[in-house]
Amino acid sequence: MQPKTILLGAALLLCSFAARAQKYAGPQPEKPDLPYLVHADTLVPTEATEAKEEDRKDEILYAIAGATSPAGTPLASPSFLIRTEQLAPDKLEIYKVESRNGRREILFSHKKKQIARPFRFSIKRVGDSLYRLEVDESLENGEYSITPNGSNQVFCFRVY
């Protein structure tokens, strides 16, 4: 092997170790299993609540108390930080909810036709049990919910 090749290989190996060793140095979530909106150096907790399930003929309506969430962001593609203990970040989904009659609602179909569709987002591990979720799409102004798949637990926020 040539000395240049050895030096290049050693440099690449050191860079890969340095990249792995870098940890998230920003603000830390106060509570576990609660997504926080990231606003520069400030974390805004999402509204943690439970959606009430209402069965209809071929649909399920999930309703959340209150017309709007107190947690809001002006960012169309928000980022979240979550420290997990029980929640699995890869099981989370983000949905738009509609504000009607003083509550927020989302409708799912029992049939194959999907009414509500989750938004795409990426998950990146930034520390021990610490994850950053970044929405990959632009969200319109309105109400949204992050929910673990198969659960009525919701974490609400609004885009304004």
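Any read-out appearing in this document is the output of simple, stated calculations on the displayed coordinates, not a laboratory observation. This is a predicted model, so every value here is computed, not measured. Note that each Cβ is placed from the backbone with ideal geometry, even for glycine, and that neighbours are counted across all protein chains shown.
Observations
- Residues with amide H under 5 Å from that of Gly72, placed H, sequence gap 5 or more: Arg158
- Label zone (Lys124, point 7 Å along Cα-to-C-beta; backbone nitrogen cut-off 13 Å) within region 68-91: 79-81.
- Spin-label model distance (nm) - Ala63 vs Glu98, 7 Å beyond Cα toward Cβ: 1.5
- FRET efficiency, Ala116 to Glu30 (Cβ-Cβ, R0 35 Å, nearest 0.05): 0.70
- Converting phi to 3J(HN,Hα) with the Karplus coefficients 6.51, -1.76 and 1.60 and the offset θ = phi - 60°, region 28-41 yields 9, x, 5, 10, x, 6, 9, x, 10, 5, 9, 10, 6, 9 Hz in sequence order, with x at every glycine or proline.
- Computed FRET value (nearest 0.05) for Ala76 with Val44, which takes r as the C-beta separation and R₀ as 22 Å: 0.90
- For Ile60, the residues 5 or more places off, or on other chains, whose built amide H falls under 5 Å of its own are Phe108, Ser109, His110.
- In order along region 127-144, the phi-based Karplus estimate (6.51 cos²θ - 1.76 cosθ + 1.60, θ = phi - 60°) of 3J(HN,Hα) comes to x, 5, 6, 10, 10, 10, 10, 10, 5, 8, 10, 7, 9, 6, 4, x, 9, 9 Hz; Gly and Pro are listed as x.
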